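K.L.:
Pasting a structure below so you can have a look.
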Amino acid sequence: MKAIQIAIDGPASSGKSTVAKIIAHNLGYTYLDTGAMYRSATYLALKHQLDGSRVNDILDLLATHPITFNKGTEGQQTVLVGGVDVTDAIRQPDVTNNVSWVSALPEVREELVAQQQRIASQGGIIMDGRDIGTVVLPDAELKIFLIASVEERAERRFKENQKKGILTDFETLKEEISARDYKDSHRAVSPLKAAEDAIVFDTTGVSIDGVVEFIQEKAKKIIDKG
Ligand code: DC
């Protein structure tokens, strides 16, 4: 059976990673969370008190502390940086609130995009992020761009955080999501935007199963034609 590349892009908390993980499992594909890679780079920069003027030092840290993914005890994906589990650390507010400047550094993007492309070359892949359909996998057979209202996305993140025991104020979350949307869409390098050949899908009010079904049906059609 033909193995395809599926690119899922969209703003923060639009449901990309939740649906991508399920589809990867159903199709037996590799799932790559590229946001976790930018978060890991941010974690390293903050840990070593580096700012944007020290991009070479950030690159050195990325070289000496490779980002890898593993399966946790309950089958969930864990993120390691230099062999250390940072799965929870990279979701903390300090990383979330600094990831925009780190991911706007062209040198960091160049390095992480190269890593993402190497992983994608190994077979069937579903990757989620901001620039997958436009930059990382421009030839992906299926490109989806998920959107949802800020209100709904803040609600989703609020519940997610609650489950992880991270306390957040709903209004603050909404402001942070809007601010990140703005920064992600207005940065000079690889801004968040739908590829011309992407299917834009508004998930406001749509269940996870509904989004999964929509994408999977499109994927299956392409795979079957294969
Ligand atoms: O998907 P996420 O919220 O975990 O992503 C964290 C940040 O990383 C997001 O605000 C922008 C950046 N990012 C990016 O610039 N390019 C990607 N392909 C994925 C994420």
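Each reported figure results from applying straightforward, stated rules to the coordinates on display, with no laboratory input. What you see is a predicted model; the values in this text were computed from it and never measured. Using ideal geometry, Cβ is built from the backbone for each residue, glycine included, and neighbour counts are taken over all protein chains shown.
K.L.:
Determine which member of the set Ile166, Ile144 is crowded, with 20+ Cβ neighbours inside 10 Å and more than 13 Å from the ligand (Cβ to nearest atom).
P.N.:
Details: Ile166 fails: crowded, with 20+ Cβ neighbours inside 10 Å.
Being crowded, with 20+ Cβ neighbours inside 10 Å and more than 13 Å from the ligand (Cβ to nearest atom) holds for just one of Ile166, Ile144, which is Ile144.
K.L.:
Residue check, Val206 against (1) in a loop (DSSP other than H, G, I, E, B); (2) surrounded by fewer than 12 Cβ atoms within 10 Å (Cβ to Cβ); (3) free of Cβ contacts under 8 Å to residues at least 24 places away in the same chain, all met but one. Which one?
P.N.:
(2)
K.L.:
To continue, here is another question. I'd like to know if the range 63-71 contains one or more residues that are within 17 Å of Glu110 (Cα to Cα), not in a loop (DSSP other than H, G, I, E, B) and not polar (S, T, N, Q).
P.N.:
Yes, there is a match, as at least one residue in the range 63-71 is within 17 Å of Glu110 (Cα to Cα), not in a loop (DSSP other than H, G, I, E, B) and not polar (S, T, N, Q).
K.L.:
Here is a further query. Scan the range 127-159 for residues that are assigned to a loop (DSSP other than H, G, I, E, B) and of a type in the set (Asp, Glu) and jot them down.
P.N.:
In the first step, residues of the range 127-159 are kept if they are assigned to a loop (DSSP other than H, G, I, E, B); the result is 130-131, 137-141, 148-149.
Answer for the range 127-159, where residues must be assigned to a loop (DSSP other than H, G, I, E, B) and of a type in the set (Asp, Glu): Asp131, Asp139, Glu141.
K.L.:
Has the range 114-124 got at least one residue that is without any contact (Cβ under 8 Å) to a residue 60 or more places away in the chain, within 25 Å of Ser53 (Cβ to Cβ) and more than 10 Å from the ligand (Cβ to nearest atom)?
P.N.:
The initial filter retains those residues of the range 114-124 that are without any contact (Cβ under 8 Å) to a residue 60 or more places away in the chain, namely 114, 117-118, 121.
Okay, now just the ones that are also within 25 Å of Ser53 (Cβ to Cβ), so 114.
Pick out the ones that are also more than 10 Å from the ligand (Cβ to nearest atom) and you get 114.
Taking every residue of the range 114-124 in turn, at least one turns out to be without any contact (Cβ under 8 Å) to a residue 60 or more places away in the chain, within 25 Å of Ser53 (Cβ to Cβ) and more than 10 Å from the ligand (Cβ to nearest atom).
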